[in-house]
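The values are calculated or read from the model by the stated rules, or taken from the named source; none is laboratory data. As the structure is a prediction and not an experimental result, all values here were calculated from the model. All Cβ positions, even for glycine, are placed from backbone atoms using ideal geometry, and neighbour counts span all protein chains on display.
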Amino acid sequence: MKRTLMFVAAALVVIGAINYVTASGRASARTAGPATETRRPDVVAAAPGLVEAVSEEIRVGAQIGGQLREVRVEEGDTVARGQVIAVVANDEYRARVVSAEATLRLREADARRIHNGARSQERRDAEAALHEAAAVLDNATADVSRKRELFTETVISRAELDAAEQQLGVARAKADSARERLSLVDEGAREEDRDHADADVALARAAVAEAQALLEKTYIRSPIDGTVFRKFRRAGESVSTQFDSPVVTLADRSRIRVRVDVDEADVARLHVGQPAYVTADAFGDRRFTGHIVRVGQMLGRKNVRTDEPTERVDTKILETLVELDAARELPLGLRVQAFLLQE
């Protein structure tokens, strides 16, 4: 009986110790950080946060695989939107553009020739050919008439008359051909020929645009006005679109924000525009003021971890963004303590 009572007492002691540690861990997770500062009466919530740029961190990579010919920036450089950061070797793509542009010029020349029709020299040549054919026809006609009279008088044979009539038929056919050629020159190209020529020009222009687009992909440009924070690749190294291989990371530091993990017990006290300030161990008692610009819509797991061994990692939090008024000296990724104030 005594042994049973001893076991029960020991179990109660263990359970009490577990509850104490759990309660201490929860309190530590919710109040981690303010230990260095007494909470003001107007502070409605305090939570850890991480400093980030307004653009967050942007990993800039290549749109096409290949070897980097040059990387034009270094860490800490300021870049403008659209500025070339790096160039992938592109001799092949340049050649494609030159070839496509040459093909386009040929197609445009063919189209102009078809639309403009025959040149004045061709028209004069066709007219001269018709006049010549008409003269030959007149001579052949007169020759047949004369030989028919001679055949009637039995001066020439039937074979000679047949030969003359044959020559007349040939002359008449040549005259008809010359007349049709002149008519064709005067009328110009058919509608379907003009449409075909225009379609060839459109295809050639599309080929040029495609070649130029591929060439443009070899230029890695900055998507924002910002600062280079990390440089991962150098000239001579290869990049690929098959896996994540950024050349640099950028961020816009024109405005600094803090992503705060607000405990679920405090979410009812949050709203956009609410004043706040943050502190960081590295900056002592200095306060960086700001206001809430976004309140999350769904609870999630903690993003900011402290060094407390008793910290609970399964605590539900609501991500809240605080934009700071002036905090350019805060490095990105710095852990801070945020204090959300009552208005």
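Summary of computed values
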| item | result |
| --- | --- |
| Selected residue (only one of 225, 143 is closer than 30 Å to residue 62 by Cβ and among the acidic types (Asp, Glu)) | 225 |
| Members of the range 65-109 found to be under 30 Å from residue 194 (Cβ atoms), surrounded by 15 or more Cβ atoms within 10 Å (Cβ to Cβ) and either in contact with a Gly (Cβ under 9 Å, 6 or more places away or on another chain) or not polar (S, T, N, Q) (or both), listed by number | 96, 97, 100, 101, 104, 107, 108 |
| Residue among 232, 243 that alone is without any contact (Cβ under 8 Å) to a residue 24 or more places away in the chain, closer than 29 Å to residue 334 by Cβ and either of a type in the set (Asp, Glu) or outside the structural domain of residue 320 (by TED's automatic domain parsing) (or both) | 232 |
| Selection within the range 76-90 - more than 15 Å from residue 235 (Cα to Cα) and not basic (Lys, Arg) | 76, 77, 78, 79, 80, 82, 83 |
| Residue, modelled with the lowest pLDDT, within the range 56-110, restricted to residues that are in contact with a helix residue (DSSP H, G or I) (Cβ under 8 Å, 6 or more places away or on another chain) and not in a helix (DSSP H, G or I) | 64 |
| Within the range 207-248, tally of residues that are under 16 Å from the mean Cα position of the chain (by Cα), of a type in the set (D, E, K, R) and not in a strand (DSSP E or B) | 3 |
| Residue check, residue 265 surrounded by fewer than 16 Cβ atoms within 10 Å (Cβ to Cβ) and not in a loop (DSSP other than H, G, I, E, B) | yes |
| Of the criteria (1) of a type in the set (Asp, Glu); (2) within 18 Å of residue 333 (Cα to Cα); (3) in contact with an Asp or Glu (Cβ under 8 Å, 6 or more places away or on another chain), which one residue 281 fails | (3) |
| Members of the range 249-262 found to be assigned to a strand (DSSP E or B) and of a type in the set (Ser, Thr, Tyr), listed by number | 249 |
| Scan of the range 304-327 for residues that are modelled with pLDDT of 80 or more and of a type in the set (Lys, Arg), ordered by number | 316 |
| Test: residue in the range 145-160 that is touching a residue at least 40 places away in the same chain (Cβ under 8 Å), assigned to a helix (DSSP H, G or I) and either closer than 30 Å to residue 204 by Cα or assigned by TED's automatic domain parsing to the domain that holds residue 206 (or both) | no |
